[in-house]
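The values are calculated or read from the model by the stated rules, or taken from the named source; none is laboratory data. All values reported here derive from a predicted model rather than from experimental measurement. Virtual Cβ from ideal backbone geometry, glycine too; neighbours counted across all protein chains shown. These accessible areas exclude ligands, DNA and RNA; they are computed on the full protein's heavy atoms, side chains included. Shrake-Rupley method; radii C 1.70, N 1.55, O 1.52, S 1.80 Å.
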Amino acid sequence: PRIWRKFLRNRGKRGFRPRRPDRIGALIKDRPRVIEDRSRLGDFEGDTVLGSANSGGLVTLVDRKSRYTIIAKIQSKHADHVYQRIRKRLKKLDPNLRHSVTFDNGTEFTNCKRLRRYPRIELYVADPGRPHQRGTNENTNGLIRQFYPKGTHFRRITHHHVHAVQNRLNNRPRACLDYQTPNEVFLAEPTPENCN
């Protein structure tokens with residue numbers, strides 16, 4: 001009964017609740033069919049592969065159609081650091097090969113909403129606790145774990161070694177690509193600017 005509310009510690013009022021920060025992008029259920037069908041290049045899924053405590057890790061981006069993989073070493077999960085590493089790698093791509101990125105709900109991707117400043121890049125976020133929604137990235141991270149098992153001390157891993165692993169994955173023939181390599185699919189297919 002309402003009469004007892006005045007005896008409650010908060011007098012029946014709700015306590016302070018911190019405001020949830022702006023979502024990185026649209027919900028994954030709102031992705032257009034062109035992304036779901038893997039019918040174009042440039043739709044990436046993003047995640048992190050972490051090492052032992054405070055040793056950093058990797059941020060990974062995987063193209064859904066070609067399985068082309070971008071791997072960048074990170075010193076920490078700090079949101080601005082992760083954003084800077086992703087921005088730097090995406091900036092190197094042809095604008096016609098960077099349409100969207102789907103991230104998980106990790107706080108390390110909070111600042112990636114700034115990628116929306118770039119024309120043509122759409123951002124999406126997977127539902128919490130649903131890693132299968134980014135299955136392409138999860139499978140690729142499993143391949144990366146063959147080189148960097150859990151507990152790896154990433155401060156001992158060089159950028160050169162990470163780049164070599166990236167090249168190895170991108171030059172590995174895949175059954176899902178009719179035994180072409182991700183490099184062959186991602187880099188060989190003409191983009192609209194290159195078409196007559």
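Computed extension length for Lys29-Ala79: 15.6 nm, one decimal, from 0.36 nm per residue of separation with the Cα-Cα distance subtracted.
A protection proxy built from the mean count of other Cβ atoms within 10 Å ranks the segments 96-102, 111-117, most packed first, as 96-102, 111-117.
Residues in the stretch 65-107 average 39 Å² of solvent-accessible surface per residue, probe 1.4 Å, ligands and nucleic acids excluded.
For the peptides 55-66, 35-46, 133-144, the ranking by mean Cβ contacts within 10 Å, running from highest to lowest, is 55-66, 35-46, 133-144. Rounded to the nearest 20 debye, the dipole size of the stretch 55-196 about its Cα centre is 560 debye, using +1 on the Cβ of Lys and Arg and -1 on the Cβ of Asp and Glu. Taking a point 7 Å from the Cα of Arg174 along the Cα-to-Cβ direction, the residues of the stretch 40-56 with backbone N closer than 18 Å to it are 40-49. The charge dipole of the stretch 115-168, taken about its Cα centre with unit charges on the Cβ of Lys, Arg, Asp and Glu (plus for the first two, minus for the last two), comes to roughly 200 debye.
Distance between the modelled labels on Lys92 and Ala188, one decimal in nanometres: 2.2 nm (7 Å Cα→Cβ projection).
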